[in-house]
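Taken together, the values in this text are just the output of simple stated rules run on the coordinates, not laboratory data. All values derive from a computational prediction rather than experimental measurement. For neighbour counting, all protein chains shown are included, and Cβ atoms are generated from backbone atoms with ideal geometry for every residue, glycine included.
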Amino acid sequence: MAHDPEMMTALQQRLAERQASSLPQLIVEELERMIIDGVLTGGDRINESSLALRLGVSRGPVREACRQLERSRLVEFRTNRGMFVREISVEEAAQLYDIRASLFGLAGRLAAARVTAGEVAALRARVDSLAEVEARMDEYYPGNVDLHRELLGLTGNPRLIELYDAVSKELHLFRRHGLETDAARHVSNTQHTEIIDCLAAGEVERAGALMEAHVLAGKERMLAAARD
């Protein structure tokens, strides 16, 4: 079948525009990954030129990605200095932990009411994988973040997931601090197993209580680390 050259040109243009519009989002995801992995921490300056060179893109999409992250309160612009990973106080972190705990508890109740056997099996496999890397913080923490996202995904509530993500992203630096020791990571993953057992049993209220307590335990570890 013959192709209309003008139609193909228009299609190619639309595809190029879509790729261009999605590029800043891809950079946002890369910067978020760098924060989760500890490559970037609170107070670090984001060098737009170096990042653009590393990713093989122009500075425009990097600048747009930084603006998106600024709106989500992950980075902040400092006059005459540039863009920096945002720092938050221990007091603000504690407040965000309380909000996150409530949202995670709600997620537990919703998930317990609708989780499937297949989903439970996938969660158990994730916890087993985390157990294998408990001694390696740089592997455990990103896996821990992914597990929490999977738990939120079971709720079937996109707005809850959106709110939880917004709060959680601001807390990455403090969440890492709360999991610095092997003992803390082991306790955290043991709690994951207890949560999944409750979800599998359909214990709605207990699952919610355990998931809320799980986040509050992280808050206490964070406060203890801040006092040391």
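Helices meeting the span-like rule in the chain (full DSSP H runs, Cα extent of at least 20 Å along the helix axis, mean Kyte-Doolittle score of -0.5 or higher): 5-36, 90-112, 117-132, 182-201, 204-227. Springs join every pair of Cα atoms under 10 Å in this Gaussian network model of the chain, and among MET137, MET83, MET34 the largest mean-square fluctuation is at MET34. Computed packing ranks the peptides 75-81, 207-213 as 207-213, 75-81, most packed first, by mean other Cβ atoms within 10 Å.
Note on the chain: with a GNM built from Cα contacts shorter than 10 Å, the maximum mean-square fluctuation among LEU103, LEU163, LEU69 falls on LEU163. Between GLY218, GLY108, GLY43, the GNM of the chain built on Cα springs shorter than 10 angstrom shows GLY43 fluctuating the most. Dimensions of the range 90-227 from C-alpha coordinates, computed as largest minus smallest value along each principal axis and given longest first, are 40, 31, 22 Å. Going by neighbour counts of Cβ atoms within 10 Å, the residues VAL85, VAL57 line up, fewest first, as VAL57, VAL85. Once the Cα-Cα distance is subtracted from the 0.36 nm per residue extended length, the ASN157 to ASP98 segment shows a gain of 19.2 nm.
A Förster radius of 25 Å, combined with the Cβ-Cβ distance separating SER89 from ASP197, puts the computed FRET efficiency at roughly 0.10.
Normalised by the residues of the chain, what does the relative contact order come to in percent, with Cα pairs under 8 Å and at least six apart? This gives 26 percent for the chain.
Which value at 222 nm does the chain reach when only helices count, each DSSP H run of 4 or more adding -39,500 (n - 2.57), with the total divided by all residues and rounded to the nearest 500 deg cm²/dmol?
Only helices count here, giving -25500 deg cm²/dmol.
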